[in-house]
1. Go ahead and set up a Gaussian network model of the chain, Cα springs under 10 Å, then flag whichever of 46, 112, 64 fluctuates most.
2. Highest GNM mean-square fluctuation, the chain, Cα pairs closer than 10 Å: which of 59, 42, 97?
3. Taking just the C-alpha trace of the range 18-58, give me its Rg and Dmax in Å.
4. Give the Cα extents of the chain along the principal axes, in whole Å, largest first.
5. Can you give the Rg and Dmax of the range 1-122 based on its C-alpha atoms, in angstrom?
6. Got the relative contact order for the chain handy, in percent, Cα pairs under 8 Å and 6 or more residues apart?
7. Mind checking the angle between helix 62-71 and the chain's longest principal axis? C-alpha axes, 0 to 90 degrees, to the nearest 10.
8. Can you give the helix-only mean residue ellipticity at 222 nm for the chain, where every DSSP H stretch with n ≥ 4 adds -39500 (n - 2.57) and the sum goes over all residues, rounded to the nearest 500 deg cm²/dmol?
């Protein structure tokens, strides 16, 4: 059965182009929204299999809408679209609960494949390009962790940077989920950070990963 899609983008021409592309490929666009608030309203009354949403929208942007969606218990898979290869946005989107992140210049086949994979419960979280993050965020030498990181902790940090959950990290490294949770707690302590996103940013800028 063809996945049912909600499409959110503030540009009418972009929405029209995406709808035409998707429908030519046998996918069903249930409704369109011009901003995050309209998307949330539409999803309150209509169920879909995948949300295809622009990151940057006026008013309530894609990441804010995603957070609101998750806060109200809606776990519909969300594929974020952007014209920017922005590592910070990727981290924010995955932390907010996105299952996928795709550039708008992706090939139509890649977009179709991503939608089908998300509809089947998979994720499409790509490794983070660290250079733009290092350029934007700076930490001084005295901010560096007093303790060194083990090879296993570095591996887990890299997966955290890719937006993977504890369960996904456990599966990838053949560890128990509880063990991964303990590793993450240790990593946060060593970096003196309270949340995963800031910990990853700091680890990148300090060249730990």
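1. Result: 46 has the largest fluctuation of those listed.
2. Greatest mean-square fluctuation among the candidates belongs to 59.
3. Values for the range 18-58 (Cα only, Rg and Dmax): 10.8, 30 Å.
4. Each principal axis gives a Cα extent; for the chain these are 54, 34, 32 Å.
5. For the range 1-122, the Cα radius of gyration and maximum Cα-Cα distance read 12.8, 35 Å.
6. On the way: 308 pairs, mean separation 32.1, N = 209.
Across the chain, relative contact order equals 15 percent.
7. 80
8. Details: 10 runs with 105 residues, N = 209.
Estimated from H runs of four or more residues: -15000 deg cm²/dmol.
No lab work stands behind these numbers, since they all come straight from the coordinates. All of these numbers come straight from a predicted model, not from anything done at the bench. Note: ideal-geometry Cβ built from the backbone for every residue, glycine included; neighbour counts use all protein chains shown.
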